[in-house]
1. Given a Förster distance of 41 Å, report the FRET efficiency between residue 3 and residue 142 from their Cβ-Cβ distance, rounded to the nearest 0.05.
2. How many angstrom separate the Cα center of the stretch 205-250 from the Cα center of the stretch 1-37?
3. Given a 10 angstrom Cα cut-off, can you work out which residue in 105, 71, 221 is the most mobile in a GNM of the chain?
4. Let me have the relative contact order for the chain, percent, based on Cα pairs under 8 Å that are six or more residues apart.
5. Where is the GNM fluctuation largest for the chain (alpha-carbon springs, 10 angstrom cutoff): 173, 139, 125?
6. Simple spin-label model, 7 Å along Cα-to-Cβ: residue 101 to residue 193 in nm?
7. Given the Cα-Cα distance of residue 66 and residue 89 and 0.36 nm per residue of separation, how much length would full extension add, in nm?
8. Show that you can apply the helix-only estimate: for the chain, add -39,500 (n - 2.57) for every DSSP H stretch of four or more residues, divide by all residues, and state [θ] at 222 nm to the nearest 500.
């Protein structure tokens, strides 16, 4: 690190848990952020401000006026612009160090098989189960840690799935692909604006801990957030031996 970086990241360096070595790991790391909306905005801003060296942001959508209530990386003058590009501009305005790549397409299986192996951590900031399951499959296949967040109405969820260690559950262990879970979208159900910020910030925190070498204690745990009472509860998540993605038959 040069003198400018030592000053910029001084508050991280002062932490015994991080120090110079941890910050250097962040500067040398690569995070893949899928989704540049309510969750992806705080995720990218905090990863960027913390000095993650490479950040790839995937999103096929454009900024809409209705996004500005909660998607804090975007601004009024960028309405109509690609969200991934808008996030890249937002990170650059805070910190010039990260190399931010904007991928302006939908995260399908082929794209994920290309991008996931290149990343040190993957952050799922999407809002539909189909894409979440594609991301999970790619992370299991390529042995990459996945930080998964969700928020709708007044409720949020967060978990870390790490396929690098045998016996850890994956996303499909908790939400099987054939479970028939009904989609709930912000456009029809609404979402409390600060809630996506809370979940996204926690996602960024877990990713930074993984990248810096601290690890995550949310592996195999589901953190549930009740925004009404501001209550946080955690439950254990065992691996499902019959899971169609990470179970014994697919190991």
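Please treat every number below as a calculation from the coordinates, not as lab data. The model shown is predicted, which means the values in this text are computed figures rather than measured ones. Cβ sites come from the backbone with ideal geometry, for glycine too, and all protein chains shown count toward neighbours.
1. Details: r = 37 Å, r/R0 = 0.91.
That pair, residue 3 with residue 142, gives E of 0.65.
2. First find each Cα centre; the distance between them is then 23 Å.
3. Comparing 105, 71, 221 in the GNM, the peak value goes to 105.
4. Working: 510 pairs, mean separation 47.7, N = 251.
Computed value for the chain: 19 percent relative contact order.
5. Most flexible of the set in this elastic network: 173.
6. For the pair residue 101/residue 193, the computed spacing is 3.4 nm.
7. Numbers: separation 23, 0.36 × 23 = 8.28 nm, distance 1.96 nm.
Taking residue 66 through residue 89 to full extension adds about 6.3 nm, to one decimal.
8. -10500 deg cm²/dmol
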